[in-house]
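Read the structure below first, then the notes.
Bear in mind these aren't lab numbers, they're just calculated from the coordinates by the rules spelled out. The shown structure was predicted, so the numbers you read here are calculated from the model rather than taken from an experiment. Virtual Cβ from ideal backbone geometry, glycine too; neighbours counted across all protein chains shown.
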Amino acid sequence: MLAEQRRHQIMLELQRVGQAKTRELAERFGVSEVTIRSDLENLDAKKQLIKTHGGAIALPVDSPAAAFEERMNRNVEAKRRIAQMAARLILDNQSIVFDSGSTLLQLAMQMPPVHNVVVATTAMNIAQHLMYRPGLDVHMIGGRVFPNTVSTIVSDADKAVGGLVAHQAFVSAHAIDHAFDVVDVSEDIARTKRNLVRMARRVILVADSTKWDIGASSKAFSLSRVDMIITDTGMPYSIRSRLDKLDVEVRYV
C-alpha cells in the first residue's frame, strides 16, 4: 500500500470513530509506529487531523479541512474512474492547468510518469502532492487563499504564472445547472474558473454525476466553452440525452 493510500485509510478511520491510536494503526497496516507517526505528522501539517500524544483525533466537523475531506469521500469510486480517464490525456512536453477540487486531487494522485511537464495550479494540496514528482515543474497560481477549497482566488489571468498559455486546463464544478452552465455559490471562485479556462487552449471538465442539474448563484462559464467532459455513468438519462446533443466530446466512465 502506498503512503497516500494508507493516509487516506487513516482519514476514513478517523471519520468513522473520531480518534485513532498509533500502535493500533501500525498493527492494522503492517508498518512501524515510526511510519504511522510520520503519516500523522503529514496529515496534521495539511490540517486534515489533530495529532495527539499516542495518536490523532478528527478535526471538528465544521472546519473547512473536514468539509473538504468529506467531499473527497463523496462518490469516491466515480471520481477515481474519472481521474484515471483524465490522467491518460496528460502527455510529455505539455503545460497544464489544474483547478482545485476533490476530483482533481484524485487526478493528481493518478498522474502517470511524465517528462518535461509544467503544472500550474490554484490548489495548495495538488501542488503539495506533485511538487516532488520527477518530470514536473510545478507552479502555484497566486492569489488570496480560500480555505474551503484549499486553493487561491485568481483575479487576473494575464498575470498568472507569467501569462502562461497552457495546452490543457482540467477544471471542476461545484455544480452544472439546467442551462448547462458551470455555476458556484461564490463569485470569487466562479471568476477564478473563468480565468483558468482563459489560460488554456483545451479545456477538460471533470464532474461526477452528482454535480448535474443543480443551480447556484454565480456562473463560471458555459459548457460550450469546454472541449471535453469526463463524467460517470450514474448520470440520469434525461441529462445524458441532452448532453449528447452538445458539440462537446463526452466520455462516460
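Assorted remarks:
- Normalised contact order of the chain, rounded percent, pairs of Cα under 8 Å and 6 or more residues apart: 14 percent
- Full-stretch length increase - Val76, Thr233 - with 0.36 nm per residue and alpha-carbon distance subtracted: 55.2 nm
- Rounded to the nearest 20, the Cβ-based charge dipole of segment 74-252 about its Cα centre (Lys and Arg +1, Asp and Glu -1) stands at 120 debye.
- Modelled this way, with points 7 Å down the Cα-to-C-beta line, the labels at Tyr132 and Arg242 are 4.6 nm from one another.
- Long pairs among Lys47/Lys193; Lys47/Lys219; Lys21/Lys46, criterion Cα-Cα beyond 23 Å: Lys47/Lys193; Lys47/Lys219
- Candidate values [x] 59; [y] 53; [z] 62, label of the one derived for percent of Cα pairs over 21 Å apart: [x]
- Relative to the current alpha-carbon distance between Val250 and His53, full extension at 0.36 nm per residue lengthens the span by 66.0 nm.
- Within the chain, DSSP assigns beta bridges of which about 40% are antiparallel (rounded to the nearest 5).
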